[in-house]
Amino acid sequence: MKKLKRKNKFLNFLKSKLFIFNVLSAIVLAFILMIILFFSLKSYTKHGKSVTVPDFVGTQVDQALLSVEDNGFKYVIVDTVFDDNLPKGSVVEQNPKAGSLVKSGRKIYFKINSEDTEQISMPQFIGMSIKMVNSMAENYGLKVGNLRYVPDIAVNVVIRQLFRGQDIEPGTKLDKGSTIDLVLGLGLSDKTTNVPALVGLTRKEASDNLLDLYLNLGATVYDNTVRNAQDSANAKVYRQSPNASTINQVNLGYSVDIWLTKDQTVVDEAKDKLQSKLDDEEAENGDK
């Protein structure tokens, strides 16, 4: 009898509004928890999605940092350097590199080209040979400009060092990357040299070759394929004036103008024409 009463009491409880309310509440709560869990997992999965790192090198730092944030990255500036081949205030190096696949929110580490110009002390070039000066100037971060030859017993030795047309004393502070003009001894005779072949060389390589022969780099003209400082550093000579020759010679200190391009096809065609010209000269010279 007692068991029957208990059974009826339990059945009545199952039919009661309180039990039904509790069951429905549990179902609703479980449904809400499932929705929250679903969207949380979706958000977490999206957060961990791999994205491609853009190329920031050469971009001004303020633009690069805005782009970093727009792409969901963070940034850290780890160093400031001096690089004459890139615009001031631009990104010189980035890590991870452009094209890398990383998780959203990853830190991008930057090296920035300084807005300021590094200062150095002017070295003493007077009394040194032009070849030694050319090597030393690069180590100091200076550029050798025009070479002027005057009659002097000290052949190819620096007699004067000039900055913006004025004599500059050793120890004088000036910007790194400045151009120094030199006055050299010509000796007691009017010496001449062949014009070297510069086609296919970069501007720096052409300048070094000319300096080795005691010649000056004259006008530098870039075509429309050269759009920025990095392009200009990699562009190659496709034309020069006067032309390279194994026969015709010019006086020491003579200036050679060059034209540069990034179009390798143009450079290759110019190389072929130059080689044909030099071969003809050698053949003509051999027949004499």
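The values are calculated or read from the model by the stated rules, or taken from the named source; none is laboratory data. Everything numeric in this text was worked out from a predicted model, so none of it was measured. Counting neighbours? That spans all protein chains shown, and the Cβs are built from the backbone with ideal geometry, glycine included.
Out of all the residues in the stretch 123-134, which are among the polar types (S, T, N, Q) and part of a helix (DSSP H, G or I)?
Matches in the stretch 123-134: ASN134 only.
Does the stretch 106-124 contain any residue that is aliphatic (A, V, I, L, M) and in contact with a Pro (Cβ under 9 Å, 6 or more places away or on another chain)?
Within the stretch 106-124, one or more residues are aliphatic (A, V, I, L, M) and in contact with a Pro (Cβ under 9 Å, 6 or more places away or on another chain).
Does ASP280 satisfy the criteria of being in a helix (DSSP H, G or I) and either within 27 Å of LEU147 (Cβ to Cβ) or modelled with pLDDT of 90 or more (or both)?
When the stated conditions are applied, ASP280 does not pass them.
Being farther than 26 Å from ALA233 by Cβ, surrounded by 16 or more Cβ atoms within 10 Å (Cβ to Cβ) and among the β-branched types (Val, Ile, Thr) narrows it down to one of VAL144, VAL150, VAL195, VAL155, so name that one. Steps first, please.
On the way: VAL144 fails: farther than 26 Å from ALA233 by Cβ; VAL150 fails: surrounded by 16 or more Cβ atoms within 10 Å (Cβ to Cβ); VAL195 fails: farther than 26 Å from ALA233 by Cβ.
That would be VAL155, the only listed residue that is farther than 26 Å from ALA233 by Cβ, surrounded by 16 or more Cβ atoms within 10 Å (Cβ to Cβ) and among the β-branched types (Val, Ile, Thr).
For the structure I just gave you, tell me whether ALA137 is under 30 Å from LEU186 (Cβ atoms), at pLDDT 85 or above and not in a strand (DSSP E or B).
yes
Against the definition (among the hydrophobic types (A, V, I, L, M, F, W, C) and closer than 30 Å to ASP263 by Cα), how does VAL158 come out, yes or no?
no
Any residue at all in the stretch 91-102 that is buried (at least 17 other Cβ atoms within 10 Å of the Cβ), on the phi < 0 side of the Ramachandran plot, among the hydrophobic types (A, V, I, L, M, F, W, C) and touching a helix residue (DSSP H, G or I) at 6+ places or on another chain (Cβ under 8 Å)?
Yes; the residues of the stretch 91-102 include at least one that is buried (at least 17 other Cβ atoms within 10 Å of the Cβ), on the phi < 0 side of the Ramachandran plot, among the hydrophobic types (A, V, I, L, M, F, W, C) and touching a helix residue (DSSP H, G or I) at 6+ places or on another chain (Cβ under 8 Å).
Being among the β-branched types (Val, Ile, Thr), part of a strand (DSSP E or B) and in contact (Cβ under 8 Å) with a residue 60 or more places away in the chain, is that true of even one residue in the stretch 245-257?
Scanning the stretch 245-257 turns up at least one residue that is among the β-branched types (Val, Ile, Thr), part of a strand (DSSP E or B) and in contact (Cβ under 8 Å) with a residue 60 or more places away in the chain.
So which of GLY177, GLY200 ends up being within 29 Å of SER245 (Cβ to Cβ) and either assigned to a loop (DSSP other than H, G, I, E, B) or modelled with pLDDT of 85 or more (or both)?
Selected residue: GLY200, the only one of GLY177, GLY200 that is within 29 Å of SER245 (Cβ to Cβ) and either assigned to a loop (DSSP other than H, G, I, E, B) or modelled with pLDDT of 85 or more (or both).
Give the stretch 232-259 a look and list any residue that's crowded, with 16+ Cβ neighbours inside 10 Å and closer than 24 Å to THR59 by Cβ, or say none.
Within the stretch 232-259, SER232, ALA235 meet the criteria.
Conditions: (1) part of a helix (DSSP H, G or I); (2) among the hydrophobic types (A, V, I, L, M, F, W, C); (3) free of Cβ contacts under 8 Å to residues at least 60 places away in the same chain. LEU211 meets all but one. Number of the miss?
Against the list (1) part of a helix (DSSP H, G or I); (2) among the hydrophobic types (A, V, I, L, M, F, W, C); (3) free of Cβ contacts under 8 Å to residues at least 60 places away in the same chain, LEU211 comes up short only on (3).
Is one or more of the residues making up the stretch 202-222 more than 28 Å from SER135 (Cβ to Cβ) and surrounded by fewer than 18 Cβ atoms within 10 Å (Cβ to Cβ)?
Restricting attention to the stretch 202-222, the residues satisfying the condition of being more than 28 Å from SER135 (Cβ to Cβ) are none.
Taking every residue of the stretch 202-222 in turn, none turns out to be more than 28 Å from SER135 (Cβ to Cβ) and surrounded by fewer than 18 Cβ atoms within 10 Å (Cβ to Cβ).
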